[in-house]
1. Which of the lysines could be linked to B:LYS312 by a straight reach, that is with a Cα gap under 16 Å, when you skip same-chain ones fewer than 8 residues away?
2. Quickly estimate the mean residue ellipticity at 222 nm for chain B, helices only: each DSSP H run with n ≥ 4 gives -39500 (n - 2.57), and the total goes over all residues, rounded to 500.
3. Please figure out what share of the DSSP beta bridges in the protein assembly as shown is antiparallel and state it in percent, rounded to the nearest 5.
4. With the cut-off at 26 Å, tell me which of the pairs B:LYS333/B:LYS427; A:LYS178/B:LYS433; B:LYS333/B:LYS429; B:LYS333/B:LYS430 have Cα atoms farther apart than that.
5. What dipole magnitude, in Debye to the nearest 20, does region B:160-423 give about its Cα centre under +1 on Lys/Arg Cβ and -1 on Asp/Glu Cβ?
6. Cut-off under 17 Å on the C-alpha distance; same-chain residues fewer than 8 positions from B:LYS442 excluded. Which aspartates and glutamates are left, in chain and number order?
7. Nearest 10 degrees, 0 to 90: what angle lies between the long axis of helix B:89-98 and the longest principal axis of chain B (Cα atoms)?
8. Given Cα pairs under 8 Å that are at least 6 residues apart, what percent is the relative contact order of chain B?
Amino acid sequence: MGSRASSLLREEDIEEIKKETGFSHSQITRLYSRFHSLDKGENGALSREDFQRIPELAINPLGDRIINAFFPEGEDQVNFRGFMRTLAHFRPVEDNEKNKDPNSGEPLNSRNNKLLFAFRLYDLDRDDKISRDELLQVLRMMVGVNISDEQLGSIADRTIQEADTNGDMSISFSEFIKVLEKVDVEQKMSIRFLH
Amino acid sequence: MESYLFPFDGLLCMLLGISFTLWFTLLLIFIIVPAVFGVSFGIRRLYMKSLLKIFEWATLRMERGAREKNQQLYKPYSNGIIAKELVSLEQEIQEVRRSGIPAPEPEFDMSDIFSFCRRGVESIVDDEVTKRFTAEELESWNLLTRSNYNFHHISTRLTVLWGVGVLVRYAILLPLRVTLAFTGVGLLVVLTSLIGLLPNGWVKSSLSEKAHLMCYRICVRALTAIITYHDSENKPKNGGICVANHTSPIDVIILASDGCYAMVGQVHGGLMGVIQRAMLKACPHIWFERSEVKDRHLVAKRLSDHVADKTKLPILIFPEGTCINNTSVMMFKKGSFEIGCTVYPVAIKYDPRFGDAFWNSSKFGMVNYLLHMMSSWGVVCSVWYLPPMRREEGEDAVQFANRVKAAIARKGGLADLLWDGGLKREKVKKVFKEEQQKMYSKVLVGVSEDSRPFPVRRTSHNRQQV
């Protein structure tokens, strides 16, 4: 039962997470309850298996990449702070109006950070460039066995051709932003958290 | 010194003797005799009403306590943490493409990834399946520590009340219930073995019915179960199969105390095995050996044979295959729906305010669970007998199973899910991921074949899509 969990989260922690992520008090306690219910090992951290136990995530073609995004570089466990930090990327942008704190820097759910999150789903080796191979990998994950290698290859080539402006046969973050400037990123990459 | 103790000793023994006799007489009059005859004094309902009033008071006290301390009361996320889009994934990806002219070759849009990504994270925050395998969270507190989330808001008065509650539950109710349980089970074994000695015929089956009913009623009182049966005119008849949603092993006792069924299950060893063998002597139940369970044809054959014989009792089956937490109905296994006889659906809904009846078999064993149940306030539930259903022309077993499931979910006020209850322990099958991939490939490639824009369809019932 995720019930006792709320008493394990201290008020100071909640305040810190509130400042860092912008979630409200009740949202944080609810998400902690969810975190706790996913944490089958009850050690205060989630492992990759804990995420893979969610059937709807396991059948998502990009499931593994999304799970990866929660884990910091080279680590196998994510604690509640890390969990919330990643989820904060999906807060709607309108919710920011209340805490206009000039010193807080760019909020985690800004358009730029949302795009960066998506960019990192492609860019596995974190070299700030999406190479043809990386693009092919993601495409292959999304289509499974239903499209041939040649067709997939030409799709990848076409995509890079359209996006690549400096001719290095890969997509950098700024080229990525340019390609997606007409897309309503704020809406597509936001989850409506209830208050 | 010795002479001083003697009179006290005698007095003590006498007192103990009297209290035991009193105890058992009360037990007999108020519980066992009514159970035998199937009447009720209404004591349990009175008990239920007074408990509800106490729970309401306790919740109000806690809310007041929280307000005084200016803190927020933890409210369980019964209303959900997030609001999900009603548009299916397929439509979302289509919308990006319809805005432009259909391209001669497959177009990959880099923003496609956003839809998959967001839905993936949505399922991490709130998914339809994993929350069905843990106990439901309640809005009000029912004086059991196991379901309290607001410990720090309890005042002294509430603590005293809780203390009294613990005393009542463990010192009075628990021993009473355990005695009753042993009586009920013991009687069942003894009576069915005796009845088994009779030759097969009308006398034997009628006596067996009465014996089964009586013992199950005693067991119902052993759990202080207050059951409301609705639409009893639809009760299952011979030659049919009764299907119900499964929340706990208590479901069997609840249904069997209102009608006679042939049980289906695996042969167990130990006490369960003794009970099973005894029951088998009095009337035909269907017990499978462990090895036979794997053989689907054998299972189907035995079930059909039983059903074909109109003198045998209706079979009781729980097609979900595992216990679900009573907020939803999960996939029904099609085996029982292939047999081709009348199906009598039954919906069972437990009132969660009194105690959580869900058996989390991965966390607790059976004995632990029963003790847990017997030391809570009681079990309150409603049983609805739905009108019988038959498989229609052109309907296959899976569609029939889904139709029955939808009817049960609707009547019991439960969510109707397509997911398999087996996901409690196993991983989801790869085939579902492959379906997602196929869908996306079609969208990628399909635009070139079809130059007409796709029609917009609102599919709000398709819960299985990501």
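The values are calculated or read from the model by the stated rules, or taken from the named source; none is laboratory data. Just so it is clear, the structure is predicted and the values come from calculations on it, not from any experiment. Note: ideal-geometry Cβ built from the backbone for every residue, glycine included; neighbour counts use all protein chains shown. Remember, those area values only see protein heavy atoms, side chains included, never the ligands or the DNA or RNA. Shrake-Rupley method; radii C 1.70, N 1.55, O 1.52, S 1.80 Å.
1. Those lysines meeting the cut-off are B:LYS204, B:LYS210, B:LYS235, B:LYS237, B:LYS281, B:LYS301.
2. Working: 15 runs with 220 residues, N = 466.
Mean residue ellipticity, 222 nm, calculated: -15500 deg cm²/dmol.
3. Working: 12 of 32 bridges.
Rounded to the nearest five, the antiparallel share is 40 percent.
4. On the way: B:LYS333/B:LYS427 17 Å; A:LYS178/B:LYS433 31 Å; B:LYS333/B:LYS429 15 Å; B:LYS333/B:LYS430 19 Å.
Beyond 26 Å: A:LYS178/B:LYS433.
5. Numbers: 28 positive and 20 negative charges, 101 e Å.
Result for region B:160-423 is approximately 480 debye, rounded to the nearest 20.
6. Reachable aspartates and glutamates: A:ASP149, A:GLU150, B:GLU90, B:GLU92, B:GLU95, B:GLU105, B:GLU107, B:ASP109, B:ASP112, B:GLU434, B:ASP450.
7. Value to nearest ten degrees: 20.
8. Reported relative contact order: 21 percent.
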